[in-house]
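All of the numbers you see were taken from the coordinates with simple rules; none came from a lab. In this text, all values refer to a predicted model and were calculated from it rather than measured experimentally. Ideal geometry is used to build each Cβ from the backbone, glycine not excepted, and the neighbour counts take in all protein chains shown.
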Amino acid sequence: MNPRRKKRLLVIVAILFGLGSAIGLVLYALQENINLFYTPSELIDGKGPNKEKPFIGQKLRIGGMVVPGSVERNEQSLEVSFKLIDTGPLVTVKYQGILPDLFREGQGIVAQGVLIEPNVIEAFEVLAKHDEEYMPAEVAEAVKGIKHEKPKYNLDSGN
């Protein structure tokens, strides 16, 4: 191999290595910031055809309706706990902070946080819808067909 070809080959290998490293770093950085959206049913039963469930510690967003009578506030701090429902099981959301002014029982919300138990999310952000007509597209698709009626469940048994 003549020196000119050898030099070209080394340059091409260096460029490919640099490009591969850059792509790897970008993918790693994006992995840290991906927040998948779930409904309470998808969180408990699994999402998609493979019924994949999120792992403990995963950052995610969850949307649903706040169960009436489920909001519990700590008198000594800003800790709030409430339950979300769509068409299936209940999921508990724990949040520390001031809830949005439009947060109400029976309203649709989206919470962003970390899964700490299979059915418990520790939220760092809670968003409430701003009027009766608006609902985030992901939540609207997930709860399509649900009438705004009192859910048939028993808070004492957790179902």
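Listing for the model above:
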item	result
Three-way shape label, segment 76-127, alpha-carbon gyration tensor, a/c 1.5	oblate
Virtual spin-label span in nm between Asn2 and Gln96, 7 Å along Cα→Cβ	7.0
Cleavage-rule hits, GluC sites (Glu not before Pro), segment 75-109, DSSP coil, Cβ neighbours within 10 Å at most 10	Glu75
Estimated Rh, segment 1-120: Kirkwood, alpha-carbon pairs, angstrom	17.6
Segment 17-28 - phi-based ³J(HN,Hα) in whole Hz, Karplus 6.51/-1.76/1.60, Gly and Pro as x	5, x, 5, x, 5, 4, 5, x, 5, 5, 5, 5
Those chymotrypsin sites (Phe, Trp or Tyr not before Pro) in segment 33-88 that DSSP places in a loop and that have at most 10 other beta carbons within 10 Å	Phe55
Surrounding net charge for Ile56, when Lys and Arg each add one and Asp and Glu each subtract one, Cβ distance under 13 Å	0
Segment 1-70: trypsin sites (Lys or Arg not before Pro) falling in loop per DSSP and having at most 15 other Cβ within 10 Å	Lys51
Residue among Ile56, Phe82, Val71 farthest towards the positive dipole end of segment 30-88, charges placed on Cβ	Ile56
Under the Karplus curve 6.51 cos²θ - 1.76 cosθ + 1.60, θ = phi - 60°, whole-Hz ³J(HN,Hα) for segment 43-58, x wherever Gly or Pro sits	5, 7, 8, x, 10, x, x, 8, 6, 6, 9, x, 8, 4, x, 6
Size of charge dipole - segment 15-127 - debye, nearest 20, with Cβ of Lys, Arg +1 and Asp, Glu -1, no other charges	240
Separation between Cα centres of segment 6-23 and segment 45-120, rounded to whole Å	47
